[in-house]
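Participant: A single structure is presented below for examination.
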Amino acid sequence: LPGPPFTHQQTPRKMVYYGQTSCEQDAERYLDVVKYVFSCYKKEVPLVINTMGWVKGEGLLLLIDIIRLLSPSHIVQMDVCDWKAMPPLTPEHVHFSAGLHTKGKQQSKCKQLGAGGMESWKYSEGEDMSAPQHKLLYVHPEFPRAGVAGEARVHSGILRDMSILGYLGHLQSPDIGAVLPLHSLVPYQVPFNAVALRVIHTDVAPSNIMYAVNASWVGLCCIPEEVRCQTDGPVLLTQTPLCDCLGFGIVRGVDMEKKLYHILTPVPPENLRLVNCLLLGNIAIPNCVLVGQQGIEGEIPYVTSDYNYSI
């Protein structure tokens, strides 16, 4: 997979919309998502697991949970040259260390006869002897400042925006020509009562939900339950579902009179028929999409330079 992610986007076999760039606020749901996606892996091809860069504090504990959960055959660990970030993730370390939501195995010391006073570890009685048996491949870079965290954060934000722009590029005509602004593309009209709605990352009062949804990036999802609504108003979920995400879109507008969402998405119509849930997360549409819309007279909607920092 050479090259940055936006250059080789593919439709995943299984995808969940987590809705945040960090799992710090809800690690439990993150683990549930990992389990859900991993459950569709049939082991017919090798699986490469790209773990995240949060490896300090609770991030390291979460990584141990994931290793324990997925039982990889090999772990490639890349160290940082001039900063001791974390211990080597040997099978023994993973076996005995407590994770964020899982416990490590108990260990007891015993004197090993004939070992010159060296102490070795053995399992307590009744302990499970099946320690993880992965092979650790430890990479130690020799050049300074390799993998500095601050630069990686800025870089990942730029790559995320590029991925969103690459995804939105599928809305454009394949013919080489002028790129059409989003407000000139025809959106899908989706009745309020055809899809359930949920804001993942924060609580929003039902009276304000449409302000939150308008001009937002949404995951187009499929929940197993049938969406039923007695009224023609929006269907609001009280909990975030663990469900398949079939793609993404932008809510370009909300028609309160006709009770319709106007949604732009490159997801093909045969997949859109399965979508019955919109999940709104903490992922922003890149600024250039809103600022760079051509043909708008007057102020650009949702963009302001008159910002009050005291609010």
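The values are calculated or read from the model by the stated rules, or taken from the named source; none is laboratory data. This one's a predicted model, so the numbers in the text were calculated from it and none came from an experiment. Cβ placement follows ideal geometry from the backbone for every residue including glycine, while neighbour counts extend to all protein chains displayed. Calculation scope for accessible area: heavy atoms of the full protein, side chains included, ligands and nucleic acids excluded. Shrake-Rupley method; radii C 1.70, N 1.55, O 1.52, S 1.80 Å.
Participant: Cβ contacts < 6 Å: first residue farther than 25 Å from Gln293 by Cβ, restricted to the stretch 183-201; second residue among the aromatic types (Phe, Trp, Tyr) and surrounded by fewer than 16 Cβ atoms within 10 Å (Cβ to Cβ), any location; separation 6+ or different chain. Result?
Facilitator: Correct list of pairs: empty, since none qualify.
Condition check ((1) open to solvent by 50 Å² or more (accessible area, probe 1.4 Å); (2) of a type in the set (D, E, K, R)) across all residues:
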residue	(1), (2)
Glu226	yes, yes
Thr238	yes, no
Asn276	no, no
Val289	no, no
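Participant: Moving to a separate point now. Specify which of the listed residues (Lys14, Lys35, Lys43) is on the phi > 0 side of the Ramachandran plot and either open to solvent by 80 Å² or more (accessible area, probe 1.4 Å) or in contact (Cβ under 8 Å) with a residue 60 or more places away in the chain (or both).
Facilitator: Working: Lys14 fails: on the phi > 0 side of the Ramachandran plot; Lys35 fails: on the phi > 0 side of the Ramachandran plot.
Every option except Lys43 fails the conditions.
Participant: Can you tell me which residues in the stretch 15-58 are in a helix (DSSP H, G or I) and closer than 18 Å to Gly219 by Cα?
Facilitator: Arg29, Tyr30, Asp32, Val33, Val34, Tyr36, Val37
Participant: Something else: For the condition in contact with a strand residue (DSSP E or B) (Cβ under 6 Å, 6 or more places away or on another chain), under 30 Å from Val80 (Cβ atoms) and either of a type outside the set (Val, Ile, Thr) or modelled with pLDDT under 85 (or both), what is the one hit in Leu159, Leu137?
Facilitator: Numbers: Leu159 fails: in contact with a strand residue (DSSP E or B) (Cβ under 6 Å, 6 or more places away or on another chain).
Sole residue among the options that is in contact with a strand residue (DSSP E or B) (Cβ under 6 Å, 6 or more places away or on another chain), under 30 Å from Val80 (Cβ atoms) and either of a type outside the set (Val, Ile, Thr) or modelled with pLDDT under 85 (or both): Leu137.
Participant: Follow-up. Report, by residue number, each residue of the stretch 17-32 that is in contact (Cβ under 8 Å) with a residue 40 or more places away in the chain and among the polar types (S, T, N, Q).
Facilitator: Once the filter is applied, which keeps residues that are in contact (Cβ under 8 Å) with a residue 40 or more places away in the chain and among the polar types (S, T, N, Q), the stretch 17-32 yields Gln20, Thr21, Gln25.
Participant: I need the full set of residues from the stretch 261-311 which are in contact with a strand residue (DSSP E or B) (Cβ under 6 Å, 6 or more places away or on another chain), farther than 17 Å from Ala212 by Cβ and not in a loop (DSSP other than H, G, I, E, B), in order please.
Facilitator: Leu264, Asn271
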